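Down below is the structure, laid out as structure tokens.
The values are calculated or read from the model by the stated rules, or taken from the named source; none is laboratory data. Predicted, not measured: the structure shown is a model, and the values here were computed from it. Note that we place each Cβ from the backbone using ideal geometry, even for glycine, and neighbour counts take in every protein chain shown.
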Amino acid sequence: MTNETPSHAMLTSPHSLANKITRVIWGVVYVLFFRYTPRQLHGYRNLVLRLFGAKIHRTSRVYPKARVWLPSNLVMGPYACLGDGADCYNVTTITIGEWTTVSQYAYLCGATHDHEDPEFPLVPKPITLGKRVWIAADVFVAPGVTVGDGAVVGARSSVFKDLPAWQICMGSPARPVKPRELGPSDFGYDTSEGAS
């Protein structure tokens with residue numbers, strides 16, 4: 001054990017004063033006007049999130065017990081879903097693609113720390129979930145990960161690296177175990193070369 005005094009940088013938040021104030025206000029609004037709303041009031045919760053800067057499609061569904069660290073770093077496409085108990089630690093942008101479901105108690109972790117630096121600085125890294133992805137219950141998604149379109153990540157898996165499109169993945173660390181039987185053409189997506 002060392003008697004060294006921690007450096008000033010270690011004891012100082014990397015977040016701006018405006019960021020901290022916004023999060024305090026958001027925390028109060030979350031408890032008073034979001035957390036205890038009826039499950040069916042998706043449009044109302046979307047409006048509250050948008051007031052704090054979220055880029056969220058009107059058909060997205062964020063359930064009342066979902067936690068969002070900073071709404072202005074949340075992007076959700078059409079029919080995307082963030083389930084009850086899901087935790088979106090979006091220190092930087094977390095994007096949830098169209099028709100993608102993040103199930104109960106999943107944890108999207110948008111930052112880590114540089115453990116090789118004595119000052120242990122926060123390192124934000126964006127997370128991108130493609131379209132038609134299913135992140136099942138209690139899955140951990142690490143900072144900087146991209147999950148390809150149509151991928152399914154099995155319950156209680158831990159995702160530390162990018163996962164390929166249209167694969168069923170599971171484990172800790174999660175890895176592809178077999179192709180998904182449904183593919184882009186089953187959802188009407190153009191599969192010709194060069195199509196986005």
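Brief remarks follow.
- Cross-chain or 6+ apart pairs with Cβ under 8 Å, the stretch 157-172 first and more than 18 Å from Thr100 (Cβ to Cβ), then among the hydroxyl-bearing types (Ser, Thr, Tyr) and surrounded by 19 or more Cβ atoms within 10 Å (Cβ to Cβ): Gly171/Ser157; Ser172/Ser157
- With respect to (1) under 12 Å from the mean Cα position of the chain (by Cα); (2) over 25 Å from Val29 (Cα atoms), the lone exception for Thr112 is condition (1).
- Within the stretch 75-105, considering residues that are among the aliphatic types (A, V, I, L, M) and within 21 Å of Thr59 (Cα to Cα), the one surrounded by the fewest Cβ atoms within 10 Å (Cβ to Cβ): Val75
- Residue satisfying condition, being at pLDDT 95 or above and farther than 23 Å from Glu181 by Cβ, within set Asp138, Asp162, Asp117: Asp138
- Filter result (in a helix (DSSP H, G or I) and surrounded by 10 or more Cβ atoms within 10 Å (Cβ to Cβ)) within the stretch 11-23: Asn19, Lys20, Ile21, Thr22, Arg23
- Checking each residue in the stretch 15-33 for being basic (Lys, Arg) and over 23 Å from Gly85 (Cβ atoms) picks out only Lys20.
- Number of residues in the stretch 69-105 that are without any contact (Cβ under 8 Å) to a residue 24 or more places away in the chain, assigned to a strand (DSSP E or B) and either out of contact with any Gly (no Cβ under 6 Å at 6 or more places or on another chain) or on the phi > 0 side of the Ramachandran plot (or both): the value is 6.
- Pairs, first within 11 Å of Val68 (Cβ to Cβ) in the stretch 29-41, second among the β-branched types (Val, Ile, Thr) and surrounded by 11 or more Cβ atoms within 10 Å (Cβ to Cβ), C-beta under 6 Å, six or more apart: Phe34/Val48
- Residues located in the stretch 42-59, provided they are part of a loop (DSSP other than H, G, I, E, B) and farther than 14 Å from Leu70 by Cβ: His57, Arg58, Thr59
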